[in-house]
Amino acid sequence: MELAIGIILGCCALGAGMAMIAGIGPGIGEGNAVASACEAIARQPEQKGAVTSTMLMGCAVAETTGLYALVIAILLIFVAPGMFVGILKDALTWIPTL
Amino acid sequence: MSTTRRDKVIDILLLALTVLPIVCCMVLQILCKPASEGIDVTGAMIYFTIPMPLQDLPITESQINSWAVVLTIIGLTLFLTRRLRVKDISVRQHVAEWIVEKTEGLVKDNMDPYFRNFGPLIGTILGLSAFSSLLSLCGLFAPTSDLNIVAGWAVFVFVLITYYKFKCGPLYYLKGLTEPVAVLTPINLIGEFATPISMAFRHYGNVLSGSVIAVLVATGLQGLSSLVFGWIPILGEIPLLRIGIPAILSIYFDLFSGCLQAFIFAMLTMMYVSGGFPAEEFFARRAKIDAKKQSRR
């Protein structure tokens, strides 16, 4: 029983860590967006306001995929272990031989 | 024009309406929340539940805090818009006019001219979202780090978007789903429902990740300070490194990120509503109807 719970907790933590690999994508994307915005401002400093607000919008949209991963990681850390352990205990009540 | 005593009393009452809800929330939190040690990342605390026929209705911390934010914003707006004049205006009227002009300018820049009266709605979204996120500066639970609150706003925006998409009738809307090719209809349907989900997750994830990181950093600094200063008899008990250093993170996560997310939520609302509205078709149909009326006369 302790071994099963330990495996559940460990796998949840591993899964959360692996889910956050998705943070690479938004990082690269936002870096590209900011680099281009810097170039645009250097070329046309009078358009700074418009470029900045467009860049922030683009960054927010690019960030979404990373945030999906974050939500999954948070669910795996805070919600999933309790749920899976509950399922395990429920199963043990009607399979007493396990 | 001299200010009378009655005016002053009303001003003070409105200022109290601005400050008191947040103070009440802080007192309620101090009274109800159990003290915690170490890493403590919890959701919104349930204050009490109201029994309902289908399912019990829990009244959570995030609900109470968002009601407090609503009261605060009402008090602030009433305070700012009192005694408006045309000549030699006061500082608070300057502030009120600045806010109104900025939101109207935002709506004018980003939306179709058909939506020129959208200023109050966008201002409401901006204010509610920004104040909710900034509530974490008072040590309170920010309502925007609860998915339920943000999902409610996103569903509201989704209803608004769909209403303006239906402006040319349901048939035109259904035809829009099969574009550019009829095979892509399922993907278009998914895209339709992905809008509110992604809006809710974006706002919630940004605010929540900030608070989670802040808690982790504070706990780590506590451990570090007990490692470094632990050998000093009395001072070692106090987590010295926790003083001031998490505030640097708080500037980014609470102030900057909170305001930025409010701005982004409002911008996305404007862009989706304005982008989903079939403007050309709508005005063409309206012109046709007007022409028919003219010819009938």
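Among the β-branched types (Val, Ile, Thr), surrounded by 14 or more Cβ atoms within 10 Å (Cβ to Cβ), more than 15 Å from the chain's Cα centre (by Cα) and part of a helix (DSSP H, G or I): does that describe A:Ile87? Full working, then the answer.
Numbers: among the β-branched types (Val, Ile, Thr): yes; surrounded by 14 or more Cβ atoms within 10 Å (Cβ to Cβ): no; more than 15 Å from the chain's Cα centre (by Cα): yes; part of a helix (DSSP H, G or I): yes.
So A:Ile87 fails the test.
Checking the stretch A:62-83 against the condition returns no match, with no residue being on the phi < 0 side of the Ramachandran plot, modelled with pLDDT of 85 or more, more than 14 Å from every other protein chain (Cβ to nearest Cβ) and exposed (fewer than 12 other Cβ atoms within 10 Å of the Cβ).
A count restricted to the stretch A:43-55 and to residues that are at the interface with chain B (Cβ under 9 Å from one of its Cβ atoms) and crowded, with 17+ Cβ neighbours inside 10 Å stands at 0.
Could you check, for the stretch B:183-191, whether at least one of its residues is within 14 Å of chain A (Cβ to nearest Cβ), assigned to a helix (DSSP H, G or I) and within 30 Å of B:Pro120 (Cα to Cα)? The answer is yes, given that some residue of the stretch B:183-191 is within 14 Å of chain A (Cβ to nearest Cβ), assigned to a helix (DSSP H, G or I) and within 30 Å of B:Pro120 (Cα to Cα).
Return the only residue of B:Ala200, B:Ala214, B:Ala194, B:Ala218 being within 14 Å of chain A (Cβ to nearest Cβ), touching a residue at least 24 places away in the same chain (Cβ under 8 Å) and either in a helix (DSSP H, G or I) or more than 21 Å from B:Leu140 (Cα to Cα) (or both). After applying the criteria, what remains is B:Ala200.
The criterion of being under 25 Å from B:Ile251 (Cα atoms), within 11 Å of chain A (Cβ to nearest Cβ) and crowded, with 20+ Cβ neighbours inside 10 Å holds for B:Val207. Of the candidates B:Lys167, B:Lys175, the single residue that is surrounded by fewer than 18 Cβ atoms within 10 Å (Cβ to Cβ), more than 14 Å from every other protein chain (Cβ to nearest Cβ) and in contact (Cβ under 8 Å) with a residue 24 or more places away in the chain is B:Lys167.
When we screen A:Gly25, A:Gly58 for residues that are within 12 Å of another protein chain (Cβ to nearest Cβ), out of contact with any Phe, Trp or Tyr (no Cβ under 7 Å at 6 or more places or on another chain) and assigned to a helix (DSSP H, G or I), the only hit is A:Gly58. Scanning the stretch B:243-282 for residues that are free of Cβ contacts under 8 Å to residues at least 24 places away in the same chain and either farther than 19 Å from B:Ser133 by Cβ or among the basic types (Lys, Arg) (or both) returns B:Ile243, B:Gly244, B:Gly275, B:Glu280.
The values are calculated or read from the model by the stated rules, or taken from the named source; none is laboratory data. Bear in mind the structure is a predicted one, so any value in this text is a computation, not a measurement. Cβ: placed from backbone, ideal geometry, glycine included. Neighbour counts: every protein chain shown.
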